[in-house]
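First up is the structure itself, then whatever we jot down about it.
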Amino acid sequence: MGRPYGLLRAGFPYLKCLSMRRTTNFPIDIALGKEGRLYIMCRSDGTAMIRKYTVDDEDLGTIGGYGQGPGQFTWPVTIISDSEENLYVSDEFLHRIVAFNSKGEHIGTWGEHGIDAGQLNGPAGIAFDAEENLYVVDSLGHRVQKFTKDGKFLLGWGSYGDGEGEFQMPWGVAVDELGDVYIVDWRNDRVQKFTADGDFLFEFGKSGSGNGEFNRPAGIDVDLHGDIYVADPGNDRIQLFNAEGRYVQKFLGDATLSKVSLAYMMTNASPNRMRDMADLEPQKYLRKPKSVTVSDDGLMFVPDNGCYRVQVYQKQAVPLTEQEFSPPLRSVTLHQE
Amino acid sequence: MSGNDIALMAHLMRRAGFGTTRAELEAYLEKGYENVVDELVHPERGTPIDEDILQRYFGGEGAYVGIWIYRMLNSRCPLQEKMALFWHHVFATGLSKNEHILASSNQIDMFRRVGMGKMRDILLELSKDPAMIFWLDNNDNRKGEPNENYGRELLELFSLGVGNYTEEDIKNCARAFTGWTFGQPIPLYPHGYYTPSFMFVEEEHDDGEKNFLGHTGNLNGDDIINIIVEQPACARFICRHLYNFFVADEPQVPSWNVTPPNDADAIETLADAFMASDGDISHVLSILFNSDFFKAARFMKVKSPTELVTGIVKLVGTYQRPEPGMGKYAGATQLMGQKLLDPPTVEGWHTGKEWIDGGLLTSRVNFAVREVSDASKPGIQDIITRLKSNGNSLSPEEFVDKCLELAGPVEVGDTTHQYLTQFAEADGALNFEDDDAAAENQARIVSLLQLIVASREYQFA
């Protein structure tokens, strides 16, 4: 893809569901690997692990585990992968970043708890830029910091507040292909966009449940069209915004049974009967999704935190040239051509 | 302010809440006793706990009990949580039967929401609660084939008490609740718990004439509840429960029909308030906490495991903000005989002295001693700082009295006081002049606090 002049949005259909309870309990984030590999970060009270998975619903085992030792996590928030498929995980309780290779071997840990520049205080969202430097959202420090992959501090900005460039317990971060940085300002119910060095560009969102509004937004991603995806767990949805931050649509969930779920249900007569007695509509909905990750080929992966699964959607959009996309209109219109 | 003021406020907050940090206790004292009671019985005027923070940091249905304990520790409306615990005890519903933690936790949330309102509303919500419906089989209660389990317990254990209704009343009560069930929730696998919701199935409801406590007609569940809450027996029964929970230990509930209350006048006072206010629980609680019989009841109740655990955690000052590991406190109360969300029977937990036997006492003492063993915890550090503020040196007796004061105040008998003083005297005065003695002092303070929380008196609220 690549950022087009315009976009004909053909649709964004639900594609499939992955995994189930027991395999991916309380998925909080997902990282995309190569050849269809996925790394699903799971977190609940007293439990944490990375579940290695595939887009074909195959379980490839686990990486890491709950604890405070090397290669363990206590309160993991975000998982991302670099160009070599090494994995980086933020831990907001241990105030550190933990790294693994794709085989699951622990290859490093860094981070020192504190409030000085380069120290971490509740690291939540993390994202690479094109040079694979790491932006880290310091949730309890109400700021953003940039590090090299091995933890050397480069720069930072932000302070507590609700003005431009200020944050209240920010959560997610994304970096677009142009290097601009998007921060989810959790308690302020908004997203702020900055240049790579932290100059404020614009913001969007406010508190509420209407379209384009947020109830404590969490994770964020940006695709190659510049479209912005924001997890809105308080409203049980993902919201899609265009590159200017204008609301486009929302995803409430469309889940069907995953391959592994179907196999499970075929061996369990009792829940099959109960399902037959139940109103099944709620099963399709997202519950408290805390992150969203979009692949370069337009697959949107939503770790469905309260439903122990991942919902996958496929973006269908046609890039438009200047000839195919008329100039911006100053006002809305009722003209029909 | 007098020592008695402090002791009385600490008493109020042990009973109406889950204890306090010293700083909280002092803040309450500034407000004055009656104002604090007024604040406690009106949680709607206060600032609720930050639900967003709970959502952000704690996750998973299995964490519910840990989160509930976090609420007990940090709610700015602690009586609301205490009343949720109270109704959980009175309307005991066991997770072991329904195995649906979302249904059980929703019930606790319901108690939090309505538990300080009118008795009529509380019983109506209870009768529509899926966890209760399943617990007492009202989902099997149908026209022509009634299941009387819920109807019986509603009268016997939830509202009137034995001796205040007939077997015929039970049968008619059960008929009135036919068709009160819930919609089948989507099963746990593969995608988690789904909330069951109350459902009235008209074709399963018995529309025939019923006779209940002197009333005749086509009575339904709502009518039954309206009749129940107008009964003086309901007022006396619920108020005896409130007395047992908040004031002083009563005999176990099954004996109430043959054993008069320990303080019949107090129960009548509360019951009068109940009847005069149309069953307004907040009003009854206000009367209770402002009464002389409540104020005189210091340390006359054995702490429940939940009270012991939360009181100790308050004392050591941890978990004032989200941290991992709340689940261990759920495990601790269970080890002491109170598995939250899963009372042993529909009678709830047996209270008072039955909270304690040899094994359970060991669990209680071990827990308390272990929790205060870490001098780095903020509550212990606060005690050390406050001890230092009393001068450069404390005599052994001053050392004991100050620690008893700062740990509660805890009121101990002469024998306990004598043992504590003997312990303190072994190393002489507590001397803060010498910085080198800081580590030694810290160890001595921790040891003395461990002895205090291990004392017989500390088992009482």
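The values are calculated or read from the model by the stated rules, or taken from the named source; none is laboratory data. Predicted, not measured: the structure shown is a model, and the values here were computed from it. Backbone-built Cβ (ideal geometry, glycine too); neighbour counts: all protein chains shown. Only protein heavy atoms, including side chains, enter the accessible area calculation; ligands, DNA and RNA are left aside. Shrake-Rupley method; radii C 1.70, N 1.55, O 1.52, S 1.80 Å.
Only a single item in (1) part of a loop (DSSP other than H, G, I, E, B); (2) in contact (Cβ under 8 Å) with a residue 24 or more places away in the chain; (3) within 14 Å of chain A (Cβ to nearest Cβ) is not met by B:H191, and it is number (2). Considering every residue within the range A:247-256, establish whether at least one is basic (K, R), under 22 Å from the mean Cα position of the chain (by Cα) and part of a loop (DSSP other than H, G, I, E, B). The answer is no, given that none of the residues of the range A:247-256 is basic (K, R), under 22 Å from the mean Cα position of the chain (by Cα) and part of a loop (DSSP other than H, G, I, E, B). Evaluated against (1) over 21 Å from A:P27 (Cβ atoms); (2) open to solvent by less than 70 Å² (accessible area, probe 1.4 Å), A:Q316 falls short on exactly one condition, (2). Residues of the range A:179-227 being away from every other protein chain (no Cβ under 14 Å), acidic (D, E) and in a strand (DSSP E or B), which ones? Correct list: A:E203, A:D221.
Among the candidates A:K52, A:K34, which residue alone is away from every other protein chain (no Cβ under 14 Å) and either in a loop (DSSP other than H, G, I, E, B) or without any contact (Cβ under 8 Å) to a residue 40 or more places away in the chain (or both)? Reasoning before the result, please.
On the way: A:K52 fails: either in a loop (DSSP other than H, G, I, E, B) or without any contact (Cβ under 8 Å) to a residue 40 or more places away in the chain (or both).
Residue meeting the stated conditions: A:K34.
Checked against (1) within 14 Å of another protein chain (Cβ to nearest Cβ); (2) open to solvent by less than 50 Å² (accessible area, probe 1.4 Å); (3) part of a loop (DSSP other than H, G, I, E, B), A:G104 passes all but condition (1). A Cβ distance below 6 Å, combined with a sequence gap of six or more or placement on separate chains, defines the contacts here; from the range A:260-274, residues that are touching a residue at least 24 places away in the same chain (Cβ under 8 Å) reach residues that are not in a helix (DSSP H, G or I) in the pairs A:V260/A:M20; A:V260/A:D57; A:S261/A:M20; A:S261/B:P190; A:Y264/B:P190.
For the range A:266-301, which positions are away from every other protein chain (no Cβ under 14 Å) and surrounded by 12 or more Cβ atoms within 10 Å (Cβ to Cβ)? Walk me through it before giving the result.
First, pick out the residues of the range A:266-301 that are away from every other protein chain (no Cβ under 14 Å): A:292-301.
The answer is A:V292, A:T293, A:V294, A:S295, A:G298, A:L299, A:M300, A:F301.
Scanning the range B:174-185 for residues that are open to solvent by less than 10 Å² (accessible area, probe 1.4 Å) and in contact with a Pro (Cβ under 8 Å, 6 or more places away or on another chain), we see that the one that is farthest from the other protein chains (Cβ to nearest Cβ) is B:A174. Picking from residues in the range B:303-331 that are among the aliphatic types (A, V, I, L, M) and open to solvent by less than 10 Å² (accessible area, probe 1.4 Å), the one that is farthest from B:Y458 (Cα to Cα) is B:M326.
Every residue, every condition in (1) more than 30 Å from B:F294 (Cα to Cα); (2) without any contact (Cβ under 8 Å) to a residue 60 or more places away in the chain, yes or no:
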position: B:M132; (1), (2): yes, yes
position: B:P146; (1), (2): yes, no
position: B:V162; (1), (2): no, no
position: B:E168; (1), (2): yes, yes
position: B:F198; (1), (2): yes, no
position: B:N211; (1), (2): yes, yes
position: B:G214; (1), (2): yes, yes
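Check the range B:395-418 and report whether any residue there is surrounded by fewer than 16 Cβ atoms within 10 Å (Cβ to Cβ) and either among the aromatic types (F, W, Y) or within 17 Å of B:V372 (Cβ to Cβ) (or both). There is no residue in the range B:395-418 that is surrounded by fewer than 16 Cβ atoms within 10 Å (Cβ to Cβ) and either among the aromatic types (F, W, Y) or within 17 Å of B:V372 (Cβ to Cβ) (or both).
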